[in-house]
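K.L.:
Below is a structure I'd like to ask you about.
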Amino acid sequence: MFLPAEIDALIHLGSMNGGSKPQLVLGSNGKKYVVKLMGNPHGTRILANEYVVGKLASILDVPSPSVDIVYFDQSFVNGVNTAVQHTFRAGPAFGSLYIEGENLQAVPTNSMSMMTTSNAKKWTNAIVFDALVQNVDLKPAHIVIMKNLSSGSSEFWHVDHGHCLGFGNSWNTLTNAGIFIRNRLYPELVSGANPFEDGFQKLQEITPERVDGILGELPLAEWEVPGSDMIALSNYLAIAKDVTPNAIMRAKGRFSKWV
Ligand SMILES: Nc1ncnc2c1ncn2[C@@H]1O[C@H](COP(=O)(O)OP(=O)(O)OP(=O)(O)O)[C@@H](O)[C@H]1O
Ligand SMILES: [Mg+2]
């Protein structure tokens, strides 16, 4: 059962660039979130994809902002609607913890900047993850690289998981045939004898109990998720976690440094 969200949107800090009109808000827990609201131009249903897929990213140890549900009341959403000229709806919104920090600055994402990130080794986990969740919208803009200007070190973050799990379609439509590597970014980061070992192991941590726990946190009615979709997604993941490694092994030829 869905319990009322514990985080309320308190202050509207601005808008992010994006087709779903993501907004930046301060939550009642003192943290900032990039939020996607009900009634956004990409459809309310992407909120469920973002939430579930964000949780799967965490299980697979893909660097990705942690996800939460941030509640918008009617008067707050009225203010946002006036500010951004849209008609979002009040209720639970999807929140992605805003990546920020003292001396942190976003740098352009390209092969060179990816290669020098301190967490570049986790790129293979991202490839496993993108195949599993059938991410059809991976592009450099969805890899945020933050550089610490004092230490010079940088990290990558994988963001935007709305266009996964069939995007606008029901989770009922997910099949194993959709599991293959669409992620064509930075194959040069895949190297060594067993580059996907960690990602493949982490797949086994996606147990039915954990999936049930994640699905149990969703505000189903508000985010337009029928019960049949939850069963379909559980069934898909139970099999997909074993199918994904085979799909990646079959694509070995694409990675010249995978020996
Ligand atoms: N948690 C976050 N912390 C910092 N920046 C973020 C975060 N989430 C998203 N962004 C930034 O905001 C941009 C827009 O977010 P996102 O891609 O999720 O929205 P969108 O509506 O799907 O956009 P598009 O239609 O362009 O894909 C991202 O490209 C990224 O630069
Ligand atoms: Mg996007």
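K.L.:
Using alpha carbon centroids, what distance separates the stretch 87-158 and the stretch 245-259, in Å?
P.N.:
The stretch 87-158 and the stretch 245-259 have Cα centres separated by 23 Å.
K.L.:
State the extension gain, in nm to one decimal, for the chain segment bounded by residue 75 and residue 259, taking 0.36 nm per residue of separation less the distance between their alpha-carbons.
P.N.:
Working: separation 184, 0.36 × 184 = 66.24 nm, distance 5.81 nm.
Stretched out fully, the residue 75 to residue 259 stretch lengthens by 60.4 nm.
K.L.:
Roughly what angle does helix 227-250 make with the longest principal axis of the chain, taking Cα atoms, 0 to 90 degrees, to the nearest 10?
P.N.:
Rounded to the nearest ten degrees, it is 30.
K.L.:
Turning to a different aspect of this structure: Identify, among 153, 236, 67, the residue whose Cα sits farthest towards the positive end of the charge dipole of the chain, taking +1 on the Cβ of Lys and Arg and -1 on the Cβ of Asp and Glu, with the dipole about the Cα centre.
P.N.:
153
K.L.:
Can you compute the label reach from residue 235? Point 7 Å from Cα along the Cβ direction, backbone N cut-off under 12 Å, restricted to the stretch 136-176.
P.N.:
Of the residues in the stretch 136-176, 171-176 have backbone N under 12 Å from the label point off residue 235.
K.L.:
Quick check: pseudo-label points 7 Å beyond the Cα along Cα→Cβ at residue 83 and residue 6, how many nm apart are they?
P.N.:
2.5
K.L.:
So what is the calculated 222 nm ellipticity per residue for the chain, using -39500 (n - 2.57) for each DSSP H run with n of 4 or more, over all residues, to the nearest 500 deg cm²/dmol? Before the final figure, lay out the partial values.
P.N.:
On the way: 7 runs with 79 residues, N = 259.
The helix contribution divided over the chain gives -9500 deg cm²/dmol.
K.L.:
So who's got an amide H within less than 5 Å of the one on residue 10, skipping anything under 5 residues away but keeping other chains? H placed 1.01 Å off N, in plane.
P.N.:
HN-HN under 5 Å from residue 10: 26, 27, 28.
K.L.:
Hey, another quick one. Calculate, for residue 205 and residue 107, the FRET efficiency according to 1/(1 + (r/R0)^6) with r their C-beta to C-beta distance and R0 35 Å; round to the nearest 0.05.
P.N.:
Efficiency at R0 = 35 Å is approximately 0.65.
FYI, it's all coordinate maths here, none of it is from the lab. Just so you know, these numbers come straight off a predicted model, no measurement behind them. Cβ sites come from the backbone with ideal geometry, for glycine too, and all protein chains shown count toward neighbours.
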